[in-house]
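The values are calculated or read from the model by the stated rules, or taken from the named source; none is laboratory data. For clarity, every value in this text was computed on a predicted model and none was experimentally measured. So basically every Cβ, Gly included, is an ideal-geometry build from the backbone, and we count neighbours across all protein chains shown. With ligands, DNA and RNA removed, areas are computed over all heavy atoms of the protein, side chains included. Shrake-Rupley method; radii C 1.70, N 1.55, O 1.52, S 1.80 Å.
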Protein chains: 2
Amino acid sequence: MQRYFVPKENMTDTKVTITGEDVKHIARVMRMKIGDMIICSNSIQAARCKLEEITDNEVTANIVEWIEEQKELPVAVTIAQGLPKGDKLDYIIQKGTELGANSFWPFAAARSVVKWNAQKGQKKIERLEKIAKEAAEQSHRTQVPTVQLPTSFQDLLKESSHYDIKLIAYEESAKTGEKKNLAKTLNTVQSGQTILLVIGPEGGLSEHEVMALEEQGFVSCGLGPRILRTETAALYFLAAVSYHTELM
Amino acid sequence: MQRYFVPKENMTDTKVTITGEDVKHIARVMRMKIGDMIICSNSIQAARCKLEEITDNEVTANIVEWIEEQKELPVAVTIAQGLPKGDKLDYIIQKGTELGANSFWPFAAARSVVKWNAQKGQKKIERLEKIAKEAAEQSHRTQVPTVQLPTSFQDLLKESSHYDIKLIAYEESAKTGEKKNLAKTLNTVQSGQTILLVIGPEGGLSEHEVMALEEQGFVSCGLGPRILRTETAALYFLAAVSYHTELM
């Protein structure tokens, strides 16, 4: 059943009001009619809803039943991604959303080639938020991950204190065969905790960045003996977190 | 250090002969000179080698030392992928190679929209083999995964008997909340065993296909509670196998 995310204020105990691009999607793309069923989520809970009225700029639906579902990872994973080249960030956000990430935090790493400027930044974020919303709908999630505006490495360091668990995906760990830290961490992680994983851009993190992160209490962990591209590291990590916390 | 794969017959105990496109890569792209070091792998073992001679169509290097490395998954995973649309197969093979797949086996699933014809097929496979080779070099693997020509579903069924462990990534399992089968399987898997994972195309596997596979001893397993796109399922599975067998 097609899933749509709506702002909290558009969802009462009995009714949902859908506005914006989803109206066109329901009416034109899916060609739905009055009485058809959809699933709506306000990012806290989802409900099966029956379409009641379809106009050019608004769709209203009646909530038939609330759905008990556990689609979200038991831990909230934030992917702090050193700004990569090209469309890799799109890809990390689409796949990372399917795999359960809670939020994405791009940052300007020492070896990031790409630079974002303030004006363009906002536009890009809106595009990335759209990618996250569509991936969350497609993968039947209850929440849409948030996408932050890129920050500096210094701000990343400062803000990192808010997280329960702080990890670095460090390719040197893979080369030196570091194996234990990821499993050790996931063995101790508790439901409801927050995890921040820092991933470098194409050139990797600089030694200085890794030292600064470790001084802040970050732990370097290898993601297996093979060297992963920057856009693959987040996916490996999220799949491992899902496997360990949801399937084992 | 840059890694190149060479045919077994091009690698003696002391010397390596590199031909084909890698010659251009060494001489023009990397601009290497006599005396520079590279890593060569014959898909069984890798060695550090010193460039001895560079001509227009051949590079020879002396083996300085053989490398003891364990870059390959302890189990040989074959991804049987229902032919997906567009360039998704490129992507599955690039990322699946980084994540340690042993081979890729595309097949024409009931819901595969794409059809391959014999002539075009061979060309496409050569392209996919190139993607696998480059990804294996980049991720520092010892082996290049093989890419088979697409087969019919019936041939997939027949040939599947050669594998120790046979699994289906079945999205209905995710919807019905099946959680245990993947971990149960990985708890029993032994080093050196072969695993065949069947993944449907965009529309998923048909019920008939799933029944036929289960009759052949395949086990359906969920890959977490979120619905993954067809190109994401293989990556989740390979990351989980790596995490369980290499890091835990």
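Between copies, the label points of A:GLU21, set 7 Å from Cα on the Cα→Cβ line, lie 3.5 nm apart, reported in increasing order to one decimal in nanometres. Residues of segment B:154-172 with amide nitrogen under 18 Å from the 7 Å Cα-to-Cβ point of A:MET37? Counting backbone N atoms under 18 Å from the label point, the list is B:172.
When Cβ neighbours within 10 Å are restricted to other protein chains, what is their mean count per residue of peptide B:217-226?
Numbers: counts 0, 0, 0, 0, 1, 2, 6, 14, 12, 16.
Averaged over the peptide's residues, the number is 5.
Could you do me a favour and compute the accessible area per residue for chain A, 1.4 Å probe, result in Å²?
Values: 11030 Å² over 248 residues.
On a per-residue basis, chain A sits at 44 Å².
What distance in nm lies between label points placed 7 Å from Cα along the C-beta direction at B:THR151 and A:GLU68? Once both label points are built, they end up 4.4 nm from each other.
On alpha-carbon atoms, Rg over Rh for segment B:84-149 using Kirkwood Rh? All intermediate terms of the calculation are to be shown ahead of the outcome.
Details: Rg = 11.9 Å, Rh = 12.2 Å.
Radius of gyration relative to Kirkwood radius: 0.98.
Residues of segment B:109-139 whose accessible area, computed with a 1.4 Å probe over protein heavy atoms, drops by at least 30 Å² once all protein chains are present relative to their chain alone are B:GLN138, B:SER139. Taking a 23 Å limit on the Cα-Cα distance, which of the listed pairs A:LYS8/A:LYS85; A:LYS71/A:LYS179; A:LYS88/A:LYS184; A:LYS184/B:LYS71 fall beyond it? Over 23 Å Cα-Cα: A:LYS8/A:LYS85; A:LYS71/A:LYS179; A:LYS88/A:LYS184.
For segment B:171-248, the share of accessible area belonging to carbon and sulfur comes to 48 percent (1.4 Å probe, ligands and nucleic acids excluded). Counting only Cβ charges, +1 for Lys and Arg and -1 for Asp and Glu, the dipole size of segment B:76-247 around its Cα centre is about 300 debye. Residue by residue along A:140-151, Cβ atoms of other protein chains within 10 Å of the local Cβ number 1 on average.
Between B:SER220 and B:ILE168, the built amide H atoms are under 5 Å apart, and every one of these is 5 or more places off in sequence or on another chain. The interface between chain A and chain B buries about 3500 Å² of solvent-accessible area in total (1.4 Å probe, ligands and nucleic acids excluded).
Partner chain Cβ atoms within 10 Å, averaged over the residues of A:67-75 - can you pull that number for me?
Numbers: counts 0, 0, 3, 2, 5, 2, 3, 0, 0.
The per-residue average across the peptide is 2.
A point 7 Å from Cα along Cα→Cβ stands in for B:VAL113, and the other copies hold the same point at 3.2 nm, listed in rising order.
Could you tell me the calculated FRET efficiency between A:ASP87 and B:GLN122, based on Cβ-Cβ distance and R0 = 35 angstrom, to the nearest 0.05? Each step should come with its number before you reach the end.
Details: r = 30 Å, r/R0 = 0.86.
Efficiency, rounded to the nearest 0.05: 0.70.
When chain A is turned onto chain B, the axis of that turn runs closest to one Cβ of chain A, and that residue with its distance in whole Å is A:ALA239, 2.
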